[in-house]
Amino acid sequence: MTGIGDDVAVAIILVPLLALWVLALFDILVKRSDLSIGWKGIWSATVIFVPYVGVLIYAFVRPPAPAKRFGSEDPTATGQAIDQIHHLVADHETGAITDEQFATQKALIFGIASP
């Protein structure tokens, strides 16, 4: 006969493992848009049919997530940057700002060091 302590010990071990299993499947199927359908199928099958070992294999062997490219962040922020550039170009064309001020402001908008 098992006691309550044995059931708690099993729960303490199995619940985190189950959470890791679900997170690995979520990562494969939803978050990793860079993986092809074939690789998603292979990784999913590995994680599903060899549950805990498959999760460990995926965690250590999976390809790294691709780096985010410029402009792939929040679309509203990109829209704001475009509006700022339009205003900056208009000010530069009318002579309201100098070439140096234009270059400095453009660098600030794009988040790069000013020349």
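Computed from the coordinates by the stated procedures, all read-outs in this text should not be read as laboratory data. Only a predicted model underlies this, so the values are computations on that prediction, with no experimental measurement involved. Please note: Cβ atoms are built from the backbone with ideal geometry, for glycine as well, and neighbour counts cover all protein chains shown.
Some notes on this structure:
- Karplus-based coupling profile of segment 86-102, in residue order and whole Hz: 4, 5, 5, 5, 4, 5, 5, 5, 7, x, 5, 10, 7, 4, 5, 5, 4, with θ = phi - 60° in 6.51 cos²θ - 1.76 cosθ + 1.60 and x standing for Gly or Pro.
- Cα-projected label distance for Asp91 with Arg62, points at 7 Å along beta-carbon direction, nm: 4.4 nm
- Inter-site label distance for Ile112 and Ser36 at 7 Å from Cα along Cβ, in nm: 3.4 nm
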